Each structure stands twice: as structure tokens, then as C-alpha cells.
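Single-structure report; data block below.
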Amino acid sequence: MDRFQSDESLRKRLLQSFELMLSFFGLELVDAGGAGAISVRKARHFDERHKVWLHPGNHNFLRISRILRSLTLLGCSSYASVFLECLERIHAENAETIGSTTIGYWRRAVTAKL
């Protein structure tokens, strides 16, 4: 964790992997003009990609938990937070698919202390 927090190249690679996974989910990272205001939103291909992961009991829900926790622990908590915000919006539209237990895990992955 210390190394990730002090090594920009490691964080850069982590964020490249994060963007790749966002694309897998049909999401995208948005950097509002480089001013540090980042967000995650549905990408144009969300309607195609959500079919792969947005159904009850999908193993990708665990993958999302790991992504959120890793970003938080490795010095990229702002990215974890904006990913969670996007997941909260998706949950609001799909509460029957993403249950309260799952969203609870995702929230704790971002907020839990070591």
C-alpha cells in the first residue's frame, strides 16, 4: 500500500486497469477538463454490457467489491467513491437485481478502515 501511494507509475497502471474494467461493465470514467472533478457514468455501450453482469448472484458483484476495496486501499479512494456513486444510481434503477446486501458490501468496501 505504501508503494502504491508513493509511486505514480503504479497508480497510473492501476487506473488503466480500472478504466478497462469500467468498459467491461459498460461504464466510463469522466475527467471534467482535467480540473480533478472525476465521475463515472454509463457509457454508450451500457445497454449491451449490462447483460453480462447485471443479474442476481453474478460473480462480477464480487469483482466490483474487490475493485472498490483495492482502489480505496491503494491510494485511489476518490476513484472508488465516484465508482460507488455510479453504482448507487444503477442500484436505484435495479434494486431487485442488486440487493441491499450487495450494495452494503460495496459501501463498506469504500468506507471500511483497515
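Laboratory data are not the source of any read-out in this text; all were calculated from the coordinates shown. Note that this is a predicted model, so its numbers are computed, not measured. Here the Cβ is made from the backbone with ideal geometry for all residues, glycine too, and neighbour counts use every protein chain on show.
Normalised by the number of residues in the chain, what is the relative contact order in percent for Cα pairs under 8 Å and 6+ residues apart?
Values: 115 pairs, mean separation 27.9, N = 114.
This gives 24 percent for the chain.
Which three semi-axes in whole Å describe the equivalent ellipsoid of the stretch 1-66, each the square root of 5 times a Cα gyration tensor eigenvalue, listed largest first? Let's see the in-between values first.
On the way: eigenvalues 123, 59, 14 Å².
Here the semi-axes work out to 25, 17, 8 Å.
For ASP2 and ASP47, FRET efficiency with R0 = 25 Å and r from the beta-carbon atoms, rounded to 0.05? Mind showing how you got there, number by number?
Numbers: r = 41 Å, r/R0 = 1.65.
Using R0 = 25 Å, I get an efficiency of 0.05.
Counting other C-beta atoms within 10 Å, and keeping those with at most 11, which DSSP coil trypsin sites (Lys or Arg not before Pro) do you find in the stretch 72-114?
On the way: sites: ARG89, ARG107, ARG108, LYS113; in loops: LYS113.
Qualifying residues, ordered by number: LYS113.
Compute the orientation-averaged projected area for the chain from the convex hull of its Cα atoms and round it to one decimal in nm². Don't skip to the answer; put the middle values down first.
Working: hull surface 28.8 nm².
For the chain, the mean projected area of the Cα convex hull comes to 7.2 nm².
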